[in-house]
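The values are calculated or read from the model by the stated rules, or taken from the named source; none is laboratory data. Note that the structure is a prediction, hence the values are computed from the model and not measured. No Cβ is skipped: glycine too gets one built from the backbone with ideal geometry, and neighbour counts run over all protein chains shown. For the accessible areas, the whole protein counts, side chains as well, though only heavy atoms, and no ligand, DNA or RNA atoms are used. Shrake-Rupley method; radii C 1.70, N 1.55, O 1.52, S 1.80 Å.
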Amino acid sequence: MNTIAVLTSGGDAPGMNSSIRAVVRSCAHYNKKCIGIIRGYSGLIENDTKVLNTRSVRGIINRGGTFLYSARCEEFKSIEGRKKAYENLKAMGADGLIIIGGDGSFTGALKLKDEFNFPVIGIPGTIDNDLFGTSHTLGYDTALNTVMDAIDKIRDTAISHHRLFLVEVMGADAGYIALNSGLAIGAQEILIPEVNMSFDSIIKSLKKSKKSGKTSSIIVVAEGDKTGKNVFELASKIEENLLKYETRVSVLGHIQRGGSPTCFDRVLGTQLGVKAVEALIEGKNGLMVGIDNGKIIFTPLNKALKGKTKINKELLRMSQIMNT
Ligand code: ADP
Ligand code: F6P
């Protein structure tokens, strides 16, 4: 293992830069050449690369986004695309590849390993926290704090105007961001794809809180939740059934993916980056490096993808206790 390539792929996440920095500096520490691939799998197919040294990654640990840029690359989903990528990896002299990304990126990485026997190690980088084998993905902690700050601000208007706010948060098909931010901001209800909450129970909950003297409420809705067709339709339906509540919808969108990473994400990114390089040097292949109870652990990529992450339903139960 003399040359290690690194790329970021899929949705960017705060902490990716800290991880790239750790990969580059660990390579330098172990006297390995490090090649950065620009724009994820697109750069691999187009052979868009740059050699990275210790100084190339100065001043990026505190920056959101990814200094190597990212992409969603359709061509990599085809065998022809992956063959081009493999040939470029061989031509640049890479002996292993570190992929920082989410489940889609890992699916691609696994194919590269299986089809071409190319060594790959994955670092979980997604705000969604939807990978098995790590309690935290890179960017999740920062996103939670961003959401919490945003909803704290929305709450000022909710209280001032006696309104009900439905706040949609990201998470694709996973409810981690909604559940944890919802608990942190004291949401009236938290709607997540993992738990089917009926429309009637939402109305019941809102009526009960109104009766107890509550004048404003916030419902946090995960983007993948299926209670309504979408959050706007759900809001209209609630308004039809609860005439006394003026309702507003706020979709937080991509502000959740940006910003300077929290201390947690910087430290996590550093640990995962160092371990990913060490793993390749030790001859490990097809694994994701993650964290569990403060310990760095490895999980086969196929398990990281298919193993079911468990949402902590206790948090949902406790959130409901908070609303009695
Ligand atoms: P994330 O990694 O954040 O989940 P995506 O799902 O968009 O983001 O995946 C990122 C990239 O990974 C895709 O654009 C594509 O290049 C690659 N990828 C995703 N799914 C597959 C697949 N089934 N086969 C090969 N490559 C894939
Ligand atoms: O996977 C991260 C994520 O931010 C999801 O939470 C969200 O559904 C998706 O990416 C949005 O993707 P895009 O930036 O392509 O709109």
Legend entry - Residue count, the range 258-308 (criterion: assigned to a helix (DSSP H, G or I) and either touching an Asp or Glu at 6+ places or on another chain (Cβ under 9 Å) or over 13 Å from residue 22 (Cα atoms) (or both)): 13
Inset, instruction - Collect the residues in the range 110-145 that are without any contact (Cβ under 8 Å) to a residue 40 or more places away in the chain, open to solvent by 10 Å² or more (accessible area, probe 1.4 Å) and not in a helix (DSSP H, G or I), keeping them in residue-number order. - result: 117
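Of all residues in the range 24-47 being part of a helix (DSSP H, G or I) and of a type in the set (Val, Ile, Thr), which is least open to solvent (accessible area, probe 1.4 Å)?
First, the residues of the range 24-47 that are part of a helix (DSSP H, G or I): 24-29, 40-46.
With the extra rule that they be of a type in the set (Val, Ile, Thr), the set shrinks to 24, 45.
On the way: 24: 2, 45: 18 Å².
Across the range 24-47, the extreme among qualifying residues is 24.
Okay, residues lined up against (1) more than 17 Å from the chain's Cα centre (by Cα); (2) open to solvent by 20 Å² or more (accessible area, probe 1.4 Å); (3) not assigned by TED's automatic domain parsing to the domain that holds residue 192:
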| residue | (1), (2), (3) |
| --- | --- |
| 274 | yes, yes, yes |
| 279 | yes, no, yes |
| 285 | yes, yes, yes |
| 301 | no, no, yes |
| 318 | yes, yes, no |
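Matching residues to (1) touching a Lys or Arg at 6+ places or on another chain (Cβ under 6 Å); (2) crowded, with 19+ Cβ neighbours inside 10 Å; (3) without any contact (Cβ under 8 Å) to a residue 24 or more places away in the chain:
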{"site": "179", "(1), (2), (3)": "no, yes, no"}
{"site": "203", "(1), (2), (3)": "no, no, no"}
{"site": "207", "(1), (2), (3)": "no, no, no"}
{"site": "213", "(1), (2), (3)": "no, no, yes"}
{"site": "229", "(1), (2), (3)": "no, no, yes"}
{"site": "236", "(1), (2), (3)": "no, no, yes"}
{"site": "255", "(1), (2), (3)": "no, no, no"}
{"site": "270", "(1), (2), (3)": "no, yes, no"}
Inset, instruction - Take the residues in the range 69-86 that are within 16 Å of ligand 2 (Cβ to nearest atom) and among the charged types (D, E, K, R), then tell me which one is surrounded by the fewest Cβ atoms within 10 Å (Cβ to Cβ). - result: 74
Inset, instruction - Identify the single condition in (1) in a helix (DSSP H, G or I); (2) among the basic types (Lys, Arg); (3) more than 21 Å from residue 137 (Cβ to Cβ) that residue 21 does not satisfy, given that it satisfies every other one. - result: (3)
Legend entry - Lone qualifier among 56, 9, 26 - being touching a residue at least 12 places away in the same chain (Cβ under 8 Å), within 9 Å of ligand 1 (Cβ to nearest atom), in contact with a Cys (Cβ under 9 Å, 6 or more places away or on another chain) and of a type in the set (Gly, Ala, Ser): 9
Inset, instruction - Search the range 69-92 for residues that are in contact (Cβ under 8 Å) with a residue 12 or more places away in the chain and in the same structural domain as residue 7 (by TED's automatic domain parsing) and pair each with any residue that is open to solvent by 90 Å² or more (accessible area, probe 1.4 Å) and of a type outside the set (S, T, N, Q) when their beta-carbon atoms are under 6 Å apart and the residues are at least 6 apart or on different chains. - result: 69/39; 71/39
